[in-house]
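Here's the structure we're looking at; comments come further down.
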Amino acid sequence: MKKQIALLIALVVAATSVLTAGPVELEPKAMAPPTITDNDHWYFNIGMPGWIAFISGDIGLHGVTSNVGVDFGQIITHVAGIASISAEARKGRFGVYGDLLYMSLSAGIYGDGLVKKANLTLDSYIADGEVYYRVWEGPDGWLDLRAGARYTNSFTRLELSSADSKINQAAAQLVAAANQDLRGLLERLIHGALDPNRPPIPFPPLGEDVKLRLLRFIRDARQNPITAQQRIASILKRQLNGAHGLTEYWTDPYIGIGGRYKLNKAFYLTGKVDVGGFDVGSIVTVQAYGALGCQLTRSMYSELGFRYLYDDYDSGGYLYKVSTYGPQITAGIQF
């Protein structure tokens, strides 16, 4: 009997506890997913810029300067290869960015003097690599502080073909010329084919280097009148049938800012500017870019803008004081 009473009391206490606590939940409450912030995932951007560039300035070698003025039409006419790509990765406020521009140009100059043809070839690389820190970001845009380095590499090659039928006659004239007339005669015989001014592509005055070398060899050969004509003919054939190349490269540190401002759901303004060189590579280098962009889809975009790049480099007898500028059309994806 005592056991039955104890059991009854236990059941009453249990029922009271249930009624006091309220209804029993058969399923647990759904848990809200954790908030994902910018610090929790990576952001990537890959672009394909198309730069419609114009090039102007001075390219010099050993005190001789070529004045360069090449528009986009000339570049397209002489292009042998071109490639351009940019890539970006960011996590939180920190990111890295890089872009590469490669261009290969080739042009031929024909003459009616000793040089039958001069073929000019240029292979150029410009590569930027940088890190950045996002100092401000809001619903309408963002602003970054950027620091990096720009690598420039230029390989130029001059290939000459001589008019062999004119070499013996030219050698006889060079033997008979007075010392003070030698340089002027050589200029007339070559007849402008190696003129350094206004080349059809951005090219250093390698032709002037060839002429100065020829003049030195010819003066040495004239020391012996008996063998002078034969030696000069051999010099002309050797120097005016061959290739002469030059490679120059340098790296410039730089600092800059970049940002973006949202106009509406689809369109935005973007841009960046940097300055560098600081006499590490160039005396100074400046780059600026501004564009109107359109977010075509969640992951695809396009931009129409203007890009400007200036380099003032002077080292070891090589001068490169050139502006490259023009519209740029970019298409890309982000994820």
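The values are calculated or read from the model by the stated rules, or taken from the named source; none is laboratory data. Please read all numbers here as calculations on a predicted model, not as lab measurements. Glycine also receives a Cβ, built like all others from the backbone with ideal geometry; neighbour counts cover every protein chain displayed. To get the accessible areas, we keep the full protein, side chains included, count just its heavy atoms, and leave off ligands, DNA and RNA. Shrake-Rupley method; radii C 1.70, N 1.55, O 1.52, S 1.80 Å.
Of all residues assigned to the stretch 212-221, none qualifies as being open to solvent by less than 40 Å² (accessible area, probe 1.4 Å), of a type outside the set (S, T, N, Q) and within 19 Å of Ile126 (Cα to Cα). Please list, ordered by first then second residue, the pairs with beta carbon atoms under 7 Å, 6 or more apart or interchain, first in the stretch 240-269 and more than 25 Å from Arg93 (Cα to Cα) and without any contact (Cβ under 8 Å) to a residue 12 or more places away in the chain, second assigned to a loop (DSSP other than H, G, I, E, B) and open to solvent by less than 30 Å² (accessible area, probe 1.4 Å). Listed pairs, sorted by first residue: none to list. Evaluate the following for Gly293: is it under 33 Å from the mean Cα position of the chain (by Cα) and either surrounded by 15 or more Cβ atoms within 10 Å (Cβ to Cβ) or among the aromatic types (Phe, Trp, Tyr) (or both)? So Gly293 passes the test. Here Leu212 fulfils each of the conditions (1) of a type outside the set (Lys, Arg); (2) under 30 Å from Leu158 (Cβ atoms); (3) modelled with pLDDT of 95 or more apart from (3). The set of residues in the stretch 120-172 being of a type in the set (Phe, Trp, Tyr) and under 17 Å from Ser84 (Cβ atoms) consists of Tyr125, Tyr151.
With respect to (1) touching a strand residue (DSSP E or B) at 6+ places or on another chain (Cβ under 7 Å); (2) open to solvent by less than 30 Å² (accessible area, probe 1.4 Å), the lone exception for Asn197 is condition (2). Looking only at residues in the stretch 237-288 that are within 26 Å of His62 (Cβ to Cβ) and aromatic (Phe, Trp, Tyr), the one that is surrounded by the fewest Cβ atoms within 10 Å (Cβ to Cβ) is Tyr249.
Scanning the stretch 100-116 for residues that are at pLDDT 95 or above, open to solvent by 20 Å² or more (accessible area, probe 1.4 Å) and not aliphatic (A, V, I, L, M) yields Tyr102, Ser106.
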